[in-house]
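Chemist: Could you have a look at this structure, given as structure tokens, before my questions?
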Amino acid sequence: VQVPGTNWRSVHMGASAGRATRTDGTLWAWGGNWYGGCGQNDRNHKSSPCQIPGTSWSTQIVPHADANCTHMLKTNGEMWAVGDNDNGRLGVQPTYTRYSSPVQIPGTWRQINGMNYGIIGTKTDGTLWMYGRNTGGTNARNQDHPEGQNWQPQQHGTETNWMWAAASDRTCYALKYNADP
């Protein structure tokens with residue numbers, strides 16, 4: 001079945017929900033919406049794409065595998081999140097508040113990637129940041145959950161030459177730029 005609409009640029013799928021951007025910079029969501037992850041200020045499941053407010057969304061969209069939240073970047077480096085904040089996965093404050101409308105995460109971000117209940121990413125100044133649940137030490141703080149849980153973005157080290165970061169369920173990876181031969 002074809003998804004309604006034209007000019008789709010990128011598609012990002014979670015376990016039971018989808019997110020997609022169009023060439024005009026709009027962002028669309030559909031599927032499971034248990035905690036408001038579709039960004040429509042409600043918790044009703046969506047059987048067809050509905051627009052998440054705003055324009056100039058980039059192709060960096062991270063719908064978490066459990067479909068309870070989504071992180072999104074705009075082309076100007078703003079990061080926004082929507083959905084369940086269990087274990088600090090949204091990175092906005094130390095509460096379990098659920099957000100059914102997008103909320104901005106501080107900073108100007110270059111790139112983001114999802115990990116188990118959280119985010120790892122680089123900012124435009126080359127710093128590396130992580131937050132969320134620390135299962136298996138994924139926040140690189142030499143601790144395991146719950147002591148190492150980060151409710152808000154925490155910088156990893158002081159280096160400013162981080163280029164890219166990625167993650168799987170319980171493993172994180174980051175690439176540095178090294179100008180020395």
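The values are calculated or read from the model by the stated rules, or taken from the named source; none is laboratory data. For clarity, every value in this text was computed on a predicted model and none was experimentally measured. FYI the Cβ positions are ideal-geometry reconstructions off the backbone, even for glycines, and counts take in every protein chain you see. Each accessible area value is taken on the protein alone, full model and side chains, heavy atoms only, with ligands, DNA and RNA left out. Shrake-Rupley method; radii C 1.70, N 1.55, O 1.52, S 1.80 Å.
Chemist: Whole-Hz ³J(HN,Hα) for each residue in the stretch 46-56, computed from phi via Karplus 6.51 cos²θ - 1.76 cosθ + 1.60 with θ = phi - 60°, x for glycine and proline: what do you get?
Modeler: 10, 8, 9, x, 10, 6, 7, x, x, 9, 6
Chemist: Under a 1.4 angstrom probe, counting protein chains only, how are Ser47, Ser58, Ser16 ranked by accessible area, largest first?
Modeler: Ser47, Ser16, Ser58
Chemist: I would also like to ask the following. Residues of the stretch 8-36 with backbone nitrogen within less than 15 Å of a virtual label 7 Å along the Cα-to-Cβ line of Ser56, please, listed as ranges.
Modeler: Correct set: 24-27.
Chemist: Mind checking which of Thr70, Thr160, Thr59 has the largest fluctuation in a GNM of the chain, springs on alpha carbons under 10 Å?
Modeler: Of Thr70, Thr160, Thr59, the most mobile in the Gaussian network model is Thr160.
Chemist: Which ³J(HN,Hα) values in Hz, rounded to whole numbers, follow from the phi angles of the stretch 2-10 under the Karplus curve 6.51 cos²θ - 1.76 cosθ + 1.60, where θ = phi - 60° and Gly and Pro get x?
Modeler: 6, 6, x, x, 9, 6, 6, 9, 8
Chemist: Heavy atoms only, 1.4 Å probe, whole protein assembly: order His156, His64, His45, His12 by accessible area, highest first.
Modeler: His45, His156, His12, His64
Chemist: Long-range amide H contacts for Arg9: which residues qualify at under 5 Å (H placed 1.01 Å from N, peptide plane, sequence gap of 5 or more or a different chain)?
Modeler: Excluding prolines and chain starts, which carry no amide H, the hits are Thr21, Arg22, Thr23.
Chemist: Still on this structure, please answer the following. Along the Cα→Cβ direction, 7 angstrom out, place labels at Thr124 and Thr23. What is the inter-label distance in nm?
Modeler: Here the modelled spin labels are 2.6 nm apart.
Chemist: In the stretch 44-88, whose amide N lies under 14 Å from the spot 7 Å out along Cα-to-Cβ of Asn7? List them in ranges.
Modeler: It comes to 55-57, nothing else.
Chemist: Give the Kirkwood hydrodynamic radius (Å, one decimal) of the chain, defined as one over the mean of 1/r across all pairs of different Cα atoms. Please report the intermediate quantities before stating the final value.
Modeler: On the way: mean 1/r = 0.0612 Å⁻¹.
Final number for the Kirkwood radius of the chain is 16.4 Å.
Chemist: Sticking with this structure for a sec: Give me the 1.4 Å probe accessible area per residue for the chain, excluding ligands and nucleic acids, in Å².
Modeler: Ligands and nucleic acids excluded, the figure is 47 Å² per residue.
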